[in-house]
Amino acid sequence: MTFQGNGPLDTSNVGAGGGGGMGRGMVIGGGSIGTVVIGLLIYFLTGSTGGVPQQASPQGGSGGSVSQADQQLEQHLKSCTVELANTDTACRIVATTNSLNKVWPTVLKGYRAPRGKTLIMPVGAQSINTGCGVADAGTGPFYCPADEVSVFQLDFMDRVIKKLGGSSGPFSQEYIVAHEYGHHVQKLIGTINKSREGNGAQGGSVRVELQADCFAGVWAAHADKGADAMLAPLTQQQISDAITTAKAIGDDTIQRNAGRNPNPESFSHGTSAQRVKWFTQGYQTGDPNQCNTFSGTI
């Protein structure tokens with residue numbers, strides 16, 4: 001069990017998207033399922049949203065139409081409860097967003113929830129529209145700063161992350177959600193813009209991603225504390241699950257597993273060791289001020 005308590009979850013800011021699909025249309029950022037990494041900031045890969053299709057819609061998928069898969073998932077989301085969040089991936093994503101929007105105002109002055117809905121792509125979905133353009137299912141989880149939308153694929157959460165060597169355990173999935181919300185925190189405080197400052201192992205993209213990992217750790221440090229905490233006290237095994245996933249999605253590990261020698265000049269998210277380090281830093285301190293990845297060597 002990860003979540004404690006009972007009763008319905010707030011699903012007003014979460015929806016289904018991408019079930020209709022548009023084939024492999026205009027992909028802005030991302031990669032194939034075999035090389036996907038968490039937190040792809042597709043907005044900054046294009047530099048603007050000028051190329052966003054006119055038909056982009058909050059539902060994503062097929063230019064505004066709602067597929068049967070979307071409809072079924074929408075209905076399912078409305079039934080999500082705290083109890084279901086402990087056994088169901090879609091409801092776990094909802095519960096994690098509830099917790100994040102509950103914790104962050106207590107640790108960051110001026111925090112507000114994302115204006116855009118968190119979108120969950122059903123299994124079999126092919127693509128999704130956001131304010132950053134159209135991304136296919138292989139992009140992996142990402143945050144779009146243009147409309148403050150986070151996107152998660154059920155297939156990635158349940159199967160792909162495990163294929164990459166990570167954990168599909170409940171808290172590992174919650175870490176993934178918290179990482180994307182870490183990018184939202186970065187938009188609020190302005191550090192997300194630093195992703196353009198330099199390339200490679202010491203570049204802005206790596207530093208932004210590592211700070212998001214640190215912010216995920218900050219959330220974890222507070223999410224199981226207090227009388228109204230949504231998370232039950234975290235166990236060492238649950239923290240280990242998150243660390244296992246952080247290791248699996250390091251640039252060096254992904255490249256090595258793909259049969260290539262790690263190339264620091266192509267890094268965009270940080271090494272396995274760095275991702276573990278910064279998540280741990282956030283978790284152990286519980287202080288977002290200790291997540292400054294923009295000073296010195298990382």
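Our analysis of region 120-244 gives Rg over Rh at 0.98, with the two radii drawn from alpha carbon positions and Rh computed by the Kirkwood formula. Karplus-based coupling profile of region 11-17, in residue order and whole Hz: 9, 5, 10, 10, x, 8, x, with θ = phi - 60° in 6.51 cos²θ - 1.76 cosθ + 1.60 and x standing for Gly or Pro. In terms of distances greater than 32 angstrom between alpha carbons, the cross-link table entries Lys78/Lys187; Lys225/Lys277; Lys78/Lys194; Lys78/Lys277 yield Lys78/Lys194; Lys78/Lys277. Ranking Val276, Val123 from most to least accessible surface, computed with a 1.4 Å probe over the protein chains only, gives Val123, Val276. The Cα atoms of region 83-145 cover 37, 31, 14 Å along the three principal axes, with the biggest extent listed first. Taking θ as phi - 60° and the Karplus parameters 6.51, -1.76 and 1.60, the scalar couplings of region 143-157 work out to 10, 10, x, 4, 10, 6, 10, 9, 10, 10, 9, 4, 5, 5, 5 Hz in sequence order, x denoting glycine and proline. At a probe radius of 1.4 angstrom, the accessible area of region 116-237 per residue rounds to 28 square angstrom. Highest mean packing comes first when the peptides 157-166, 141-150, 173-182 are listed by Cβ atoms within 10 Å, giving 173-182, 141-150, 157-166.
The values are calculated or read from the model by the stated rules, or taken from the named source; none is laboratory data. Bear in mind that the values here come from a model prediction, so they are computed numbers and not experimental data. So basically every Cβ, Gly included, is an ideal-geometry build from the backbone, and we count neighbours across all protein chains shown. Quick note on the areas: whole protein, heavy atoms, side chains included, nothing else; ligands and nucleic acids left out. Shrake-Rupley method; radii C 1.70, N 1.55, O 1.52, S 1.80 Å.
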